[in-house]
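All remarks here apply to the structure that follows.
The values are calculated or read from the model by the stated rules, or taken from the named source; none is laboratory data. All values reported here derive from a predicted model rather than from experimental measurement. A quick note on method: Cβ atoms are made from the backbone with ideal geometry, for glycine too, and the neighbour counts reach across all protein chains shown.
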Amino acid sequence: METRLAEYAGFCFGVRRAVDTVYEQVKSGKTIYTYGPIVHSEEVVRELAAQGVRVLESREELEALSEGTVVIRAHGVPKEIYRIAAEGGMECIDATCPFVKRIHRIVEEESLRGSHILVAGNPGHPEVEGIVGWCKGPVTVLEEPGDAEKFVPSGDRKLCLVAQTTFNYNKFHSIVEIFEKKGYNVYVVNTICSATEERQRSARALAEEADVMIVIGGKHSSNTKKLFEICKEECAHSYFIQTLDDLHLDLPKAVRLVGITAGASTPNKLIEEVQNYVRINF
């Protein structure tokens, strides 16, 4: 039996940068907080907690502080959070992924020009909540192509469409096609991260060949959930795990190939643990 890792899997540039930023701050000996989990990996958050890093879960928790350093999570935050940190006297270190920061700039500039901002993404995801928090006017979140079908623009206001960096590539194009068919004048900016596209394409290619697929990532990780959806479409025996402890394989007979992929917040050591376990035990 062969075990194969997808061509693109694990930590992306933005996640690596954010995690490294927190570890650099830990070396300073200061009291370190992150606004929200720095990335969607329970494993990473646990390791940082062991180093004394506390996670702030709300604006109220941030407002209650008057000293220390707060690191902004990779997913970004609404603009207001920077103001709250500054007014409270907190040192603020921005670890927002540069690709997400680009979206913040786009929606702020376009909304100031009077555009209605459309965000293709999950409305409950922190990245999308952050993007919405940079808009200066009307904003609508489109989670599915069906939401684009139902959307009706108001008046002569221009439209600007962006996407959550981890949004499903095919869904985004479906949304664009729907607006084109409706004849809407939409300024479209494909802000899906190249790392997301690479991971989705390589996961699909591997799942098409594999008898079993294992997808590793945090339960709150949007990009990992999308990888699992893609793998499930191509391979019926697909499993979503957070750690090796979750791996309880019910393998079909005559397994030739077990494929493994992982979300952008999954540490390499966890991927290696799963790879080695599968090679030794199956």
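Worth a mention:
- Residue satisfying condition, being surrounded by 16 or more Cβ atoms within 10 Å (Cβ to Cβ), more than 16 Å from residue 19 (Cβ to Cβ) and in the same structural domain as residue 173 (by TED's automatic domain parsing), within set 138, 78, 145: 145
- Any hit, the stretch 51-67, residues being crowded, with 22+ Cβ neighbours inside 10 Å and over 18 Å from residue 129 (Cα atoms): no
- Filtered residue count, the stretch 208-222, keeping only those that are in contact with a helix residue (DSSP H, G or I) (Cβ under 6 Å, 6 or more places away or on another chain) and outside any strand (DSSP E or B): 3
- Taking the stretch 68-111 as the range and being β-branched (Val, Ile, Thr) and not in a strand (DSSP E or B) as the test, the residues that pass are 77, 81, 84, 96, 100, 103, 106, 107.
- Scan of the stretch 233-252 for residues that are without any contact (Cβ under 8 Å) to a residue 24 or more places away in the chain and in a helix (DSSP H, G or I), ordered by number: 245, 246
- Scanning the stretch 174-188 for any residue that is closer than 20 Å to residue 107 by Cβ, among the polar types (S, T, N, Q) and out of contact with any helix residue (DSSP H, G or I) (no Cβ under 7 Å at 6 or more places or on another chain) turns up at least one such residue.
- Contacts under 9 angstrom Cβ, first residue in the stretch 9-22 being surrounded by fewer than 19 Cβ atoms within 10 Å (Cβ to Cβ), partner assigned to a helix (DSSP H, G or I), 6 or more apart: 13/98; 13/99; 13/195; 17/98
- Helices (runs of 4 or more DSSP H) lying entirely in the stretch 1-65 (those with 3 or more residues that are under 30 Å from residue 278 (Cβ atoms) and among the hydrophobic types (A, V, I, L, M, F, W, C)): 13-26, 42-50
- Strands (runs of 3 or more DSSP E) completely within the stretch 130-207 that count 3 or more residues being under 21 Å from the mean Cα position of the chain (by Cα) and at pLDDT 95 or above: 139-142, 159-163
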